[in-house]
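Below: one structure, written as structure tokens.
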Amino acid sequence: RIKVAVAHLARHALVFRTMKKMVQEGAIGRLLTMYGRGKEDERGGGEDLAVLGTHILDLMNFLSGTPESLFSEVFCGRHPLKQTDSFPTSEPVGPVAGDNLFAVFRYPDEVRGIFESRRGIFQPGGQVRMGITLVGAEGCLSVRYDNGERILRLSHSLYPPEDEASYEEVPLHETRKIPGAEPLITDGWLPYFAVNNRFAAWDLIEAVREDRQPLANIYDARTVLEQIQGIYASQLEGRRITLPLRQRRHPLTDRKSEKDYN
């Protein structure tokens, strides 16, 4: 009966809830592919995957359900990842490796999810790269993690996004109200975090009262951890990995064998 709420705030954010509703209502036709990137700064690659990629992967799952399988490529410099590779990290995120990674996930209804991160692409003061783009048969939706605004953009073009980058901003309308809540004081927090941390706390209180799982719960977070470890396992084994994982050891810490991760 213990409830664990995970800080995957995208599940509470109006911008991403609106994005999901628009997909369900057919705003971009049949959903085909989701493209997600991390910040791709000095942490690009494995650390970016663990620190920020977890939010992008959970967002993909929120939008399209539980992934069924994945295939990946992870490189350290010019050579493919080996089990003995590891990188020092600026945050305590466990074993990570690779400065250039690319992963493809298969979701229900033949939806694909792509995550990519490369070290040193983002330059301070430059254009924010972290975010997600949804490509449908009749248009695209896109959100960048820019300056805390999280603007939702819609394109009605039938061309792929690399050929047509004309978007219009989608207005957002918040209808949720927290009973008895006092005016929000941000105290320097970016609005995205201040507002959605409050919604996350409210959801946890309601989950306890209603005896249900929080919207961003420990089981969804476990799925993301399996995706992250599955990326390493796929590279080490050179094959597609099915989910959920049967092997519960982290591929970068299991020194017995580079086989049978799945």
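The values are calculated or read from the model by the stated rules, or taken from the named source; none is laboratory data. Predicted, not measured: the structure shown is a model, and the values here were computed from it. All Cβ positions, glycine included, derive from the backbone under ideal geometry; neighbour counts span all protein chains shown. For the accessible areas, the whole protein counts, side chains as well, though only heavy atoms, and no ligand, DNA or RNA atoms are used. Shrake-Rupley method; radii C 1.70, N 1.55, O 1.52, S 1.80 Å.
Could you tell me which residue of the range 112-130 is nearest to LYS20 (Cα to Cα), considering only residues that are buried (at least 20 other Cβ atoms within 10 Å of the Cβ) and modelled with pLDDT of 90 or more?
The qualifying residue nearest to LYS20 (Cα to Cα) is GLY113.
Considering every residue within the range 135-149, establish whether at least one is more than 30 Å from LEU70 (Cβ to Cβ) and either open to solvent by 90 Å² or more (accessible area, probe 1.4 Å) or of a type in the set (Phe, Trp, Tyr) (or both).
Scanning the range 135-149, I find at least one residue that is more than 30 Å from LEU70 (Cβ to Cβ) and either open to solvent by 90 Å² or more (accessible area, probe 1.4 Å) or of a type in the set (Phe, Trp, Tyr) (or both), so the answer is yes.
Among the residues of the range 195-216, is any in contact (Cβ under 8 Å) with a residue 60 or more places away in the chain, among the small types (Gly, Ala, Ser), more than 22 Å from GLU73 (Cα to Cα) and surrounded by 19 or more Cβ atoms within 10 Å (Cβ to Cβ)?
Within the range 195-216, one or more residues are in contact (Cβ under 8 Å) with a residue 60 or more places away in the chain, among the small types (Gly, Ala, Ser), more than 22 Å from GLU73 (Cα to Cα) and surrounded by 19 or more Cβ atoms within 10 Å (Cβ to Cβ).
Which of the residues spanning the range 18-46 are out of contact with any Gly (no Cβ under 9 Å at 6 or more places or on another chain) and either open to solvent by 10 Å² or more (accessible area, probe 1.4 Å) or hydroxyl-bearing (Ser, Thr, Tyr) (or both)? It would help to see each step written out before you state the result.
Taking the range 18-46 and keeping what is out of contact with any Gly (no Cβ under 9 Å at 6 or more places or on another chain), we get 18-22, 24-25, 39, 43.
Hits for the range 18-46 are THR18, LYS20, LYS21, MET22, GLN24, GLU25, LYS39, ARG43.
May I ask you to verify whether LEU32 is closer than 23 Å to ARG249 by Cα, at pLDDT 95 or above and not in a loop (DSSP other than H, G, I, E, B)? Break it down into steps so the answer makes sense when it comes.
Values: closer than 23 Å to ARG249 by Cα: no; at pLDDT 95 or above: yes; not in a loop (DSSP other than H, G, I, E, B): yes.
No: the conditions fail for LEU32.
Scan the range 131-148 for residues that are in contact with a helix residue (DSSP H, G or I) (Cβ under 6 Å, 6 or more places away or on another chain) and either at pLDDT below 85 or among the hydroxyl-bearing types (Ser, Thr, Tyr) (or both) and jot them down.
The answer is GLY148, and nothing else.
Among residues belonging to the range 47-90 that are in contact with a Phe, Trp or Tyr (Cβ under 7 Å, 6 or more places away or on another chain) and part of a strand (DSSP E or B), point out the one that is surrounded by the fewest Cβ atoms within 10 Å (Cβ to Cβ).
Filtering the range 47-90 for residues that are in contact with a Phe, Trp or Tyr (Cβ under 7 Å, 6 or more places away or on another chain) and part of a strand (DSSP E or B), the one surrounded by the fewest Cβ atoms within 10 Å (Cβ to Cβ) comes out as GLU73.
Residues of the range 8-36 being of a type in the set (Ser, Thr, Tyr) and over 20 Å from PHE115 (Cα atoms), which ones?
Within the range 8-36, just THR18 meets the criteria.
Give the range 8-29 a look and list any residue that's in a helix (DSSP H, G or I) and either aliphatic (A, V, I, L, M) or touching a Pro at 6+ places or on another chain (Cβ under 7 Å) (or both), or say none.
Kept after step one, since they are in a helix (DSSP H, G or I), are these residues of the range 8-29: 9-11, 14-24.
Result: LEU9, ALA10, LEU14, VAL15, MET19, MET22, VAL23.
Would you call GLN227 within 21 Å of HIS55 (Cα to Cα) and in contact with a strand residue (DSSP E or B) (Cβ under 8 Å, 6 or more places away or on another chain)?
Details: within 21 Å of HIS55 (Cα to Cα): yes; in contact with a strand residue (DSSP E or B) (Cβ under 8 Å, 6 or more places away or on another chain): yes.
Considered against the rule, which asks whether it is within 21 Å of HIS55 (Cα to Cα) and in contact with a strand residue (DSSP E or B) (Cβ under 8 Å, 6 or more places away or on another chain), GLN227 comes out as yes.
When VAL93 is evaluated against the numbered criteria (1) open to solvent by 20 Å² or more (accessible area, probe 1.4 Å); (2) touching a residue at least 60 places away in the same chain (Cβ under 8 Å); (3) over 22 Å from LEU32 (Cβ atoms), which criterion, by number, is the only one it fails?
(2)
Kindly indicate whether LEU49 is touching a Gly at 6+ places or on another chain (Cβ under 7 Å), among the aliphatic types (A, V, I, L, M) and either closer than 20 Å to VAL111 by Cβ or modelled with pLDDT of 95 or more (or both).
Yes, satisfied.
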